[in-house]
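The values are calculated or read from the model by the stated rules, or taken from the named source; none is laboratory data. Worth saying up front: this structure is predicted, and the values here are computed from it rather than measured. Note that we place each Cβ from the backbone using ideal geometry, even for glycine, and neighbour counts take in every protein chain shown.
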Amino acid sequence: MFPNPIACGECDVAIFVNLPIERVEDIKRYCATRFGLDNLRMCHAIFSEKQRQVRSPLQSNAAMAAVAARFIEEENVESNSNWAAPAVNDKVFMPECMLPLAVSWRNNADGQPRVNVYCAGTGRATPEDCWDASLPVR
């Protein structure tokens, strides 16, 4: 998610997005220019979130794609349609689901058909106890 866990005193997310750790001198200049700060320190909020994500088991994107593909195949048979199964973006990271994944059609205002893959239980505390991912269908 972020190239490095170092930030200036303000924990500015722009540093993580734009400057990798190899450019630490640029990060120092950025902090000094933008905030008048000369110190670098660990951004605890972002570093902690990254560690939580790294250590948490994630839902397999292949499993999400398989459930969505099975749903689309059944819909194609039932309605004599020719929908293509959606691909799951590799940037999607969801907590591992403890229950079977479910799929349904999702109505969107933009008119593009989508399926909604959802998990009813991750075994985590609220609000991470469930999730859903909307996948466009072609």
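Which of the residues belonging to the stretch 112-126 are among the aliphatic types (A, V, I, L, M) and surrounded by 11 or more Cβ atoms within 10 Å (Cβ to Cβ)? Let's see the steps before the verdict.
Taking the stretch 112-126 as the starting set, the residues that turn out to be among the aliphatic types (A, V, I, L, M) are 115, 117, 120, 125.
Across the stretch 112-126, the qualifying residues are VAL115, VAL117, ALA120.
Are there any pairs with C-beta distances below 7 angstrom linking a residue in the stretch 83-109 that is over 19 Å from ARG138 (Cα atoms) to a residue that is in a loop (DSSP other than H, G, I, E, B) and basic (Lys, Arg), with the two at least 6 apart or on different chains, and if so which?
As it stands, the answer is PRO95/ARG124, since those pairs meet every condition given.
Can you name every residue in the stretch 76-93 that is more than 13 Å from ALA66 (Cα to Cα) and modelled with pLDDT of 90 or more?
Initial filter on the stretch 76-93 (more than 13 Å from ALA66 (Cα to Cα)): 76-83, 89-93.
Of everything in the stretch 76-93, those that are more than 13 Å from ALA66 (Cα to Cα) and modelled with pLDDT of 90 or more turn out to be ASN76, VAL77, GLU78, SER79, ASN80, SER81, ASN82, TRP83.
With the checklist (1) under 15 Å from PRO57 (Cα atoms); (2) more than 20 Å from the chain's Cα centre (by Cα); (3) among the aliphatic types (A, V, I, L, M) in hand, flag the one item LEU99 doesn't pass.
(2)
For the stretch 68-111, enumerate the residues that are assigned to a helix (DSSP H, G or I), β-branched (Val, Ile, Thr) and surrounded by fewer than 16 Cβ atoms within 10 Å (Cβ to Cβ). Step through it out loud before you land on a result.
Our first condition is that a residue be assigned to a helix (DSSP H, G or I); within the stretch 68-111, this holds for 68-79.
With β-branched (Val, Ile, Thr) added as a condition, the list becomes 72, 77.
Matches in the stretch 68-111: VAL77 only.
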